[in-house]
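Participant: Take this structure, written in structure tokens, and hold onto it; I'll ask about it next.
The values are calculated or read from the model by the stated rules, or taken from the named source; none is laboratory data. Quick caveat, the model's predicted, so the values are computed rather than measured. Heads up, the Cβs are rebuilt from the backbone with ideal geometry, glycines too, and the neighbour counts pull from every protein chain shown. The protein model used for the area step is the full one, side chains on, heavy atoms only, and it has no ligands, DNA or RNA in it. Shrake-Rupley method; radii C 1.70, N 1.55, O 1.52, S 1.80 Å.
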Amino acid sequence: MVSADQATDGYSAVFFMEEGRIARQMRASEFGAFLDGYVGLSDLAETDVKAVLIELGGDLLVRSLVFFRIWFDEEGRADTSWNIPIEALAKDGAKGPDMGAGPIRLVCRSQCPDPKFAKELWDPDMTPGNNHFLAIRKAVESNTLRFQKIEPVEEDIPVLNAKEEPAKKKETEKEDETPASEDRARLAQLIREQRLRIKTLQSVHRDSLADLQREHRNEMQSLRSEMADLEQKYERQRLTSEQLKQRLSERNEQYLSIQEQIGSADEDKKRDDANVGAELVLLREQLERKQRELEMRDEKIVSLEEENHELRHREPPENSILDHLRKQSVFLVAYHAGVGHVTLPFEDIETYFTNPVAYAAERCGMNEPAYREWLEHYENPVCCHKDGDDNQCDEPIMRVSQPAEFRPGVDDRCEQHQA
């Protein structure tokens, strides 16, 4: 028979979660082998895994849960720098849902006893049909890992004598108060579960907002690329049109020159009328053809300009990221040295992403080159003086934290080179 101490030794497991289901189960000792790098999981190569530490009692009921993340490298080995003390966190977890043996000790991103580890955790989903607690409880009940259940030891029940009957009566009276106590406990447990549900929903909202922002950045990058292609196309058409105009001007000069030659050579005109007439007809045809080409180029230029204007001023597509941002009055926040956090209204988003540095420089009341010169000093405060061999001094100097106070040639020089 296995003793209580022996059985409880292995009563912790790690589950890997995937889209609301248990993708893999292992005992805690097996998970330790992954952490030590003895074995790898090729199917998890370059994957950020959502995992759960489950601690069970001898009755195989859940006592604590820790929802944590772990990264597996390109060889399917656990991140060697991973050092979250999940066992210690499990002992300090706050009260969570009742999974059969009373409220569990729960540790997740929204409910972490040590805030410095919160970013390495994740929040379970409690929505109907995708409840992680229910999935874990079913997996524990199936006992795939074959933990041995410890049956409680039955003790001899003493027989009450006549003197003990009054004490038994008092115990019976106390038991009458139990239902009220149980109701309060159930109400407290329900409140805790609702608070946890609110926290996890808030976490899901933050993740959704981050996904929207990432999609918005990708969409803005695509629009900027499309705009750049159109501008290049427009520039090529403009250059072609200029070349055609130049050629047409040269043809006109040739035509006028021929007319002058014809007017000054009356005798030759009689002799060469046929040839000159043919050449004039040819030139007129060429001029008319070039004129038509020029008109077509002008029409294309007008069309491109209209298309360019429409792209710059069009409303964002319905149900697109930009449309949601505009309708919901969502603002983006960017950070730049010397400016701090800058709130970007919807109207400034395109201007900002076209040239973030120029946008920050304007907020500082500076032109872009001056701001970049200060930014280079701010990020690397060393003496910029160069000798005759173009070698830079690089002596550390005091950093000027405000762009408007920076004096090029003075504040970016050490005392030796300021003169």
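Participant: Which condition does Gly58 not pass, out of (1) assigned to a loop (DSSP other than H, G, I, E, B); (2) open to solvent by 30 Å² or more (accessible area, probe 1.4 Å), if it passes all the others?
Facilitator: (2)
Participant: Can you name every residue in segment 8-40 that is among the aliphatic types (A, V, I, L, M), in contact with a helix residue (DSSP H, G or I) (Cβ under 7 Å, 6 or more places away or on another chain) and open to solvent by 10 Å² or more (accessible area, probe 1.4 Å)?
Facilitator: Narrowing segment 8-40 to residues among the aliphatic types (A, V, I, L, M): 13-14, 17, 22-23, 26, 28, 33, 35, 39.
After this cut, where a residue has to be in contact with a helix residue (DSSP H, G or I) (Cβ under 7 Å, 6 or more places away or on another chain) as well, the list is 13-14, 17, 22, 39.
If the condition is that a residue be among the aliphatic types (A, V, I, L, M), in contact with a helix residue (DSSP H, G or I) (Cβ under 7 Å, 6 or more places away or on another chain) and open to solvent by 10 Å² or more (accessible area, probe 1.4 Å), then Met17, Ile22, Val39 are the ones that fit.
Participant: Still on this structure, I have one more. Arg69 fails exactly one of the following numbered conditions: (1) part of a strand (DSSP E or B); (2) within 30 Å of the chain's Cα centre (by Cα); (3) surrounded by 19 or more Cβ atoms within 10 Å (Cβ to Cβ). What is the number of that condition?
Facilitator: Tallying (1) part of a strand (DSSP E or B); (2) within 30 Å of the chain's Cα centre (by Cα); (3) surrounded by 19 or more Cβ atoms within 10 Å (Cβ to Cβ), Arg69 fails exactly one: (3).
Participant: Look through Arg217, Arg238 and report the one residue that is modelled with pLDDT of 80 or more and open to solvent by 60 Å² or more (accessible area, probe 1.4 Å).
Facilitator: Answer to the check: Arg238.
Participant: Mind listing whichever residues of segment 94-112 are more than 23 Å from Leu35 (Cα to Cα) and either part of a loop (DSSP other than H, G, I, E, B) or basic (Lys, Arg) (or both)?
Facilitator: Passing the criteria: Lys95, Met99, Gly100, Ala101, Gly102, Arg105, Ser110.
Participant: Restricting attention to segment 376-388, does a residue exist that is open to solvent by 100 Å² or more (accessible area, probe 1.4 Å), on the phi < 0 side of the Ramachandran plot and among the aliphatic types (A, V, I, L, M)?
Facilitator: Taking every residue of segment 376-388 in turn, none turns out to be open to solvent by 100 Å² or more (accessible area, probe 1.4 Å), on the phi < 0 side of the Ramachandran plot and among the aliphatic types (A, V, I, L, M).
Participant: Please enumerate the residues belonging to segment 53-84 that are free of Cβ contacts under 8 Å to residues at least 12 places away in the same chain and either out of contact with any strand residue (DSSP E or B) (no Cβ under 8 Å at 6 or more places or on another chain) or small (Gly, Ala, Ser) (or both). Before the answer, list the steps.
Facilitator: First, pick out the residues of segment 53-84 that are free of Cβ contacts under 8 Å to residues at least 12 places away in the same chain: 79, 81, 83.
Hits for segment 53-84 are Ser81, Asn83.
Participant: Applying the selection to segment 107-158, what residues are open to solvent by less than 90 Å² (accessible area, probe 1.4 Å), modelled with pLDDT of 90 or more and among the charged types (D, E, K, R)?
Facilitator: Selection gives Arg109, Asp114, Glu120, Asp123.
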